[in-house]
Amino acid sequence: MATILIHGGRIIDPASGTDATGDILIREDRVEQLSLDEPLPRDADTLVNAEGCIVTPGLVDPHVHLREPSIGQAHRETIAIGAAAAAAGGFTTVCSMPNTNPPPDTPDRVRDLVHRGNQTRGSRVFPVACGTIGRSGEVPTDVAGLIEAGAMGISDDGDGVADDEVMATILKRVAEADTCFMQHCQDPAMTVGAAMNAGALALRLGLGEWPPAAETSMIERDVRLNAGPGARYHAQHLSCASSVDAIRAARAAGQPVTAEASPHHLLLTEAACDGYNTVAKVNPPLRTEADIEAIKIGIAEGVITMLATDQAPHPPQAKATDFASAAFGMVSIECALPLYKRALIDGGVIDWPRMIAMMTTEPAALTGLHRLGIGRLEAGGLADVTLIDPTLEWTIDASAFLSTGRNCPFEGWTVSGRAIGTIVAGTPRWMLPGDRLEAPVACQPSRH
């Protein structure tokens, strides 16, 4: 049976509170031994020198767009490509959003996505299913049936559910199914023709304005509707200070409410849109320095508990047009880890153990993936492991991404910290070339 020994790394497992130097022995798809007391015998088939590195449970991204199926659409990304890109970023598990064509609004379509995800040689892929039929916002889906078919959450991501009665029904069904609802917080009535943050820059550029209230009002509405059902409610990609306040108030009132932050909303402001830079067009839009500061405070306080990339690859032509017509979305999953580090650790907001928790235990608990053993690192548990070199400096080069998406606003940034190894079920799915391996391992970056 194939074995891998990872020795001398700083092991951080938020689920158990572990933060110590040690060795990990992997046999087949399980962690056979985790030793913090003394080195394990170095007689494994593959030896990985993790000295100076951080060894964590496999990272989890609860919010990505894998673009498959895409009937009648121009997307080139597939589940296999997206899973390979995720592994290259250090993620062993991702949750794919339902804004595909056709969307996963029936149990059969969910089962099809589960099957496709099981064929990948990158990260694990779990689908999030629709809250309404066709993501139309009109008729609630069979939530229990979708979850039984393999969905790990419910969302109409790409659109918020605007109708109060429909949303109330969804929350009731989500609570009964013991799953989560991931809300794309956007009141469509407030964002007709909107392209970027409301303010002086949008006026100067002559672009439609997107007010923060369009996001915050939906969160506040949802929290009121959820007072009775008490469903696990998750606000996606928070972008503004008022939304942080709304989440803070809901959690203080005892509601099971969580929220996530994305790399671009932690590091970029609306100024990136100046000059009609379509790569900076994202939904919800980039906002102000004050909003970034509020999001960071929310993370420091534990109001925002998760990090999610909202990976959204587009073909070049989708961005090579005028700003108003360009597609919303960015890619960053292959460089998200150092971006989070820059914004949160280098910025003194949180430390490594808390950031790892926001990328492992927290999203696993939200989606129920913890029931499968995902999000923790323990003897006898799943051998999903991420190796991180926290000081490695490199320059982000979108042309080298495994994803087909090149719409990365961080192109050319010099960053520090990188996932150098990604192991899924005991199999290396990504290893950065270097001298860390003391015995060869068959792992080449691939989109297939």
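The values are calculated or read from the model by the stated rules, or taken from the named source; none is laboratory data. Every value quoted in this text rests on a predicted model; they were computed, and no experiment measured them. Neighbour counts are summed over all protein chains in view; Cβ atoms, including those assigned to glycine, are modelled from backbone coordinates with ideal geometry.
Please list, ordered by residue number, the helices (runs of 4 or more DSSP H) wholly in segment 241-354 having 3 or more residues that are aliphatic (A, V, I, L, M) and in contact (Cβ under 8 Å) with a residue 24 or more places away in the chain.
Values: elements: 241-252, 263-267, 289-301, 316-319, 336-340.
By residue number, 241-252, 289-301, 336-340.
Residues are listed down the side, and each one gets a yes or a no for (1) at pLDDT below 95; (2) under 15 Å from S262 (Cα atoms); (3) outside the structural domain of A83 (by TED's automatic domain parsing); (4) among the hydrophobic types (A, V, I, L, M, F, W, C):
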site	(1), (2), (3), (4)
M306	no, yes, no, yes
A326	no, no, no, yes
G329	no, yes, no, no
C335	no, yes, no, yes
T367	no, no, no, no
D389	no, no, yes, no
S399	no, no, yes, no
L402	no, no, yes, yes
P409	no, yes, yes, no
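Scan segment 4-37 for residues that are in contact with a Gly (Cβ under 9 Å, 6 or more places away or on another chain) and either of a type outside the set (S, T, Y) or outside the structural domain of A425 (by TED's automatic domain parsing) (or both) and report the count. Step through it out loud before you land on a result.
At the first step, the residues of segment 4-37 found to be in contact with a Gly (Cβ under 9 Å, 6 or more places away or on another chain) are 4, 6-11, 14-15, 21-24, 26-32, 34-37.
Checking the rest, the ones that are also either of a type outside the set (S, T, Y) or outside the structural domain of A425 (by TED's automatic domain parsing) (or both) come to 4, 6-11, 14-15, 22-24, 26-32, 34, 36-37.
Selection size over segment 4-37: 22.
Which one is nearest to N49 (Cα to Cα), of the residues in segment 13-30 that are surrounded by 23 or more Cβ atoms within 10 Å (Cβ to Cβ) and of a type in the set (A, V, I, L, M, F, W, C)?
I24
Being within 23 Å of C408 (Cβ to Cβ), assigned by TED's automatic domain parsing to the domain that holds E334 and surrounded by fewer than 20 Cβ atoms within 10 Å (Cβ to Cβ): is that true of L238 here?
Values: within 23 Å of C408 (Cβ to Cβ): yes; assigned by TED's automatic domain parsing to the domain that holds E334: yes; surrounded by fewer than 20 Cβ atoms within 10 Å (Cβ to Cβ): no.
Answer is no for this residue.
Step by step: first the residues of segment 313-341, then only those that are in contact with a strand residue (DSSP E or B) (Cβ under 6 Å, 6 or more places away or on another chain) and not hydroxyl-bearing (S, T, Y), then the one that is surrounded by the fewest Cβ atoms within 10 Å (Cβ to Cβ). Which residue is that? Spell out the reasoning first.
Step one: list which residues in segment 313-341 are in contact with a strand residue (DSSP E or B) (Cβ under 6 Å, 6 or more places away or on another chain), which gives 331, 333, 337-338, 340-341.
The next check asks that each one be not hydroxyl-bearing (S, T, Y); those that pass are 331, 333, 337-338, 341.
Working: V331: 29, I333: 31, L337: 26, P338: 27, K341: 19.
The selected residue is K341.
Kindly provide the set of residues from segment 394-405 that are in contact with a helix residue (DSSP H, G or I) (Cβ under 9 Å, 6 or more places away or on another chain) and surrounded by fewer than 17 Cβ atoms within 10 Å (Cβ to Cβ), ordered by number. So that I can check it myself, show each step before the final result.
The initial filter retains those residues of segment 394-405 that are in contact with a helix residue (DSSP H, G or I) (Cβ under 9 Å, 6 or more places away or on another chain), namely 394, 396, 401-405.
Once the filter is applied, which keeps residues that are in contact with a helix residue (DSSP H, G or I) (Cβ under 9 Å, 6 or more places away or on another chain) and surrounded by fewer than 17 Cβ atoms within 10 Å (Cβ to Cβ), segment 394-405 yields only W394.
Could you check, for segment 374-384, whether at least one of its residues is touching a Leu at 6+ places or on another chain (Cβ under 8 Å), within 24 Å of E77 (Cβ to Cβ), surrounded by fewer than 24 Cβ atoms within 10 Å (Cβ to Cβ) and in contact (Cβ under 8 Å) with a residue 60 or more places away in the chain?
no
Could you pull out the residue among A259, A271, A200 that is assigned by TED's automatic domain parsing to the domain that holds D159 and within 21 Å of A365 (Cα to Cα)?
Details: A271 fails: within 21 Å of A365 (Cα to Cα); A200 fails: within 21 Å of A365 (Cα to Cα).
Among A259, A271, A200, only A259 is assigned by TED's automatic domain parsing to the domain that holds D159 and within 21 Å of A365 (Cα to Cα).
Conditions: (1) surrounded by 24 or more Cβ atoms within 10 Å (Cβ to Cβ); (2) out of contact with any Pro (no Cβ under 8 Å at 6 or more places or on another chain). C130 meets all but one. Number of the miss?
Of (1) surrounded by 24 or more Cβ atoms within 10 Å (Cβ to Cβ); (2) out of contact with any Pro (no Cβ under 8 Å at 6 or more places or on another chain), only one is false for C130: (2).
Pick out the one residue from P313, P353 that is in the same structural domain as A235 (by TED's automatic domain parsing), touching an Asp or Glu at 6+ places or on another chain (Cβ under 6 Å), closer than 29 Å to D159 by Cα and not aromatic (F, W, Y).
Within the list P313, P353, the selection yields P313.
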